[in-house]
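Notes for the one structure printed next.
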Amino acid sequence: MNEQIIVPLDGSKLAEVALPYAEELSSRLKTEVILFQAVQRALHMYGFYAQVPFTDEEMEPITARAQAYLGKIGSKLNKKSITTRCEVRVGAAADEIIKLAGENSVYMVTMSTHGRSGISRLALGSVADKVVRGTKKPVALLRAKGTHPDIRKKDILHKALVPLDGSKASEAVIPYIESLASKLEIEIILLHILALDNHIIIETLYEQADSLRSSARDYIEKVAAQLKQKGIVTTAEFIETKQGTEAEEIIKLADKTQADVVAMSTHGRSGITRWVFGSVAYRVLYEGNTPLLLVKPG
């Protein structure tokens, strides 16, 4: 067993939403699941200002409780023939997740976007933002509320929607999703959105807009053909829309096709960075019904 899936937990049911996905991935990929919890070092308070950190010895009961919690979950997964490892570390959640991912051959970090102690109070800010920026490993973000009602059923990873913007950076997601599709027989839906400014579609620039449409269709069809040649079930979708409505189009297509995950690179020429850490990804994750898988180039 050479690869692992990290599942950060904080003791809440909301954070445990990530478990079914990790469970299925581990079962089908034969990877180990690392159940992880970070605990903050407690402080002794003396008066209004004096704060003295707990010693390692004083922290032992706290880490023991976290270890017992993870062990209980691990035992349930072990009964399903899933190999698990429990890790409890004292420190900031994001920093410790990044360290853990760097120390292991991690296939993916799978985390809920809600959790009691901030495992991801805001999926595109705070802890998850730091994890996505700080780790080279793919990160799957799952919204705890409003996700598909069959979230805890088996075989929940059949179809992936992959938005591309035509850049090499955005295509960094392709090798990873290709590998995932080959191993799990996942269908891939490639999406190229052409978001035009209002000024580009006026009559004087009609030919330029028409050329952009033709190039966009040719591009996404070409990428789809390359995946099909490798035996991966792939369809290509082209959508023309106004700038600022990309998220709505991704959400609508994800719902229409019943995609199980939206996968994209964290960088790209025409705003993939904005998609990931800005309005588009935020809206896809929080207004849509589909988990978000982020893959970093390189």
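Values in this text are rule-based calculations from the coordinates and carry no lab data. Not measured: the values here are computed from a predicted model. We place every Cβ from the backbone using ideal geometry, glycine too, and count neighbours over all the protein chains shown.
Some values worked out for this structure:
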quantity	calculated
Total formal charge among the other residues, if their Cβ is under 10 angstrom from that of residue 54, Lys/Arg +1 and Asp/Glu -1	-3
Unsatisfied cross-links (Cα-Cα over 29 Å) in the set 136/230; 80/252; 136/256; 222/242; 30/137	80/252; 136/256
Simple label model, 7 Å out from Cα along Cβ direction - residue 167 to residue 16, nm	4.1 nm
Dipole moment magnitude, nearest 20 debye, segment 4-142 about Cα centre, only Lys, Arg, Asp, Glu C-beta charged	480 debye
FRET efficiency for residue 28 and residue 225, using Cβ-Cβ distance with R0 set to 30 Å, rounded to 0.05	0.65
Contour excess over end-to-end distance, with Cα ends at residue 256 and residue 60 and 0.36 nm allotted per residue	65.6 nm
Alpha carbon centroid spacing (whole Å) that separates segment 19-38 from segment 280-298	20 Å
